[in-house]
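**Q** This structure is in structure tokens; I'll ask about it shortly.
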Amino acid sequence: MKGTNLGEFEEIVLLTIASLLTEAYSVNIVDEIADITGRKTKLGVVHAVLKRLEDKGLITSELGEPTKERGGRRKRFFTVSHTGKVSLMKAKEQRDKLWNNIPELVFQGIR
């Protein structure tokens, strides 16, 4: 297993998989990222990140049943592994600490 530190886009994909629960397949992940972040993402980019996350042991995948709308092809569904959940929690804790260390003065006048 490679390191468990997350890049920014890896974190977004991992959070999206976690939020989609049993419906986390690549096209759905791309659509959800666009809906939530407004970020247009190419399917190939998401596939590369999914492969990297799986190589790191942060997600697992399995093939679903063939469907008529996909011409008999099967979807690959992704799930966040225990290691992935720990990595997400670690990233959240680090971000929370950083946010909590920022003095109110920094954002004064923005809200």
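The values are calculated or read from the model by the stated rules, or taken from the named source; none is laboratory data. For clarity, every value in this text was computed on a predicted model and none was experimentally measured. Heads up, the Cβs are rebuilt from the backbone with ideal geometry, glycines too, and the neighbour counts pull from every protein chain shown. For accessibility, only protein heavy atoms count, side chains too; no ligands or nucleic acids. Shrake-Rupley method; radii C 1.70, N 1.55, O 1.52, S 1.80 Å.
**Q** Heavy atoms only, probe 1.4 angstrom, no DNA, RNA or ligands counted: give me ILE36, ILE12, ILE102, ILE59 ranked by accessible area, highest first.
**A** On the way: ILE36 125, ILE12 30, ILE102 65, ILE59 5 Å².
Sorted descending by solvent-accessible area, the residues read ILE36, ILE102, ILE12, ILE59.
**Q** Another question, then. Which one, LYS51, LYS68, LYS40, has the greatest fluctuation when you compute a Gaussian network model over the chain with C-alpha springs under 10 angstrom?
**A** LYS68
**Q** Which value, in Å², gives the accessible area per residue of the chain when a 1.4 Å probe is used on the protein heavy atoms?
**A** Spelled out: the 1.4 Å probe surface of the chain, per residue, equals 72 Å².
**Q** When only C-alpha pairs under 8 Å and at least 6 residues apart count, what is the relative contact order of the stretch 18-109, in percent?
**A** Relative contact order here is 25 percent.
**Q** At 1.4 Å probe size, with the rest of the protein present, what percent of the exposed accessible area of the chain is carbon and sulfur atoms?
**A** Carbon and sulfur atoms account for 55 percent of the accessible area of the chain.
**Q** If I model a spin label as a point 7 Å beyond the Cα along the Cα-Cβ vector, how far apart are those points for ILE110 and THR67 in nm?
**A** Result for the modelled spin labels: 3.9 nm.
**Q** Going toward the positive end of the dipole of the chain, with +1 on Lys and Arg Cβ and -1 on Asp and Glu Cβ, which of LEU98, VAL45, VAL30 do you reach last?
**A** Positive-most Cα among the choices belongs to VAL45.
**Q** Shifting gears a bit: Given the options THR16, THR83, THR67, state which has the largest fluctuation in a GNM of the chain using a 10 Å cut-off (strictly under) for Cα springs.
**A** Evaluated over the chain, the most mobile residue of the options is THR67.
**Q** Calculate the dipole size of the stretch 6-75 relative to its Cα centre from +1 charges on Lys and Arg beta carbons and -1 charges on Asp and Glu beta carbons; express the result in debye to the nearest 20. Walk me through the numbers on the way to the answer.
**A** Details: 11 positive and 12 negative charges, 74 e Å.
Here the size comes out at about 360 debye.
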